[in-house]
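Participant: One structure coming up, written as structure tokens, with questions to follow.
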Amino acid sequence: MSAPNPTPTPVNSAAYAALYAPAPVAVPAPTNRALVVAAALLWGITCSALSLIAFFVLMIAVWSASSGADVTALLLWPAVVLAGAGGLLTLLYFAPGVRRLSREARLTLLGALACPAPIALALYVMTV
């Protein structure tokens with residue numbers, strides 16, 4: 001004796017389309033060009049000031065090493081300061097209040113916060 005053939009249940013086409021349709025493509029928000037330019041400018045100035053400071057620190061380290069002095073502290077402290085500043089900026093980037101901003105606004109804000117100290121130090125190094 002064979003098993004009875006069950007009758008197929010009718011398929012609701014709206015439910016089937018909702019369950020098995022491809023996911024909608026998310027449209028990214030348009031970027032604010034002024035914020036992108038401001039962030040690039042601020043971070044460019046910051047990086048150029050940091051590279052100038054790094055050049056002077058390495059130049060002094062080479063001169064000190066050639067005279068026989070220990071350059072460990074001279075090279076260690078700027079690295080520690082840069083790592084601390086990078087960690088602080090990373091924590092600020094992911095802070096809840098700042099996280100609500102757009103990516104361009106966050107990078108501009110962090111660039112504005114990171115810019116003054118290296119510029120002041122570079123100007124001090126160049127004038128002394």
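The values are calculated or read from the model by the stated rules, or taken from the named source; none is laboratory data. Model, not experiment: these values are computed from the prediction. In this analysis, Cβ positions are derived from the backbone assuming ideal geometry, glycine residues included, and neighbour counts consider all displayed protein chains. All accessible areas refer to the heavy atoms of the entire protein, side chains included, with ligands and DNA or RNA removed. Shrake-Rupley method; radii C 1.70, N 1.55, O 1.52, S 1.80 Å.
Participant: Out of (1) farther than 23 Å from residue 114 by Cβ; (2) under 21 Å from the mean Cα position of the chain (by Cα); (3) among the β-branched types (Val, Ile, Thr), the odd one out for residue 72 is which?
Facilitator: Of (1) farther than 23 Å from residue 114 by Cβ; (2) under 21 Å from the mean Cα position of the chain (by Cα); (3) among the β-branched types (Val, Ile, Thr), only one is false for residue 72: (2).
Participant: Here's something else I'd like to know. I'm told residue 33 meets every condition in (1) over 21 Å from residue 105 (Cα atoms); (2) without any contact (Cβ under 8 Å) to a residue 40 or more places away in the chain except one. Can you identify the failing condition by its number?
Facilitator: For residue 33, the exception is condition (1).
Participant: Can you work out which of the residues in region 19-59 that are over 24 Å from residue 82 (Cα atoms) and among the hydroxyl-bearing types (Ser, Thr, Tyr) is nearest to the chain's Cα centre (by Cα)?
Facilitator: 31
Participant: Moving on to the next point. Do any residues in region 101-117 that are over 20 Å from residue 48 (Cβ atoms) and in contact (Cβ under 8 Å) with a residue 40 or more places away in the chain have Cβ atoms under 9 Å from those of residues that are aliphatic (A, V, I, L, M) and open to solvent by less than 40 Å² (accessible area, probe 1.4 Å), where the two are at least six apart or on different chains, and which pairs are they?
Facilitator: 104/38; 104/39; 105/39; 105/98
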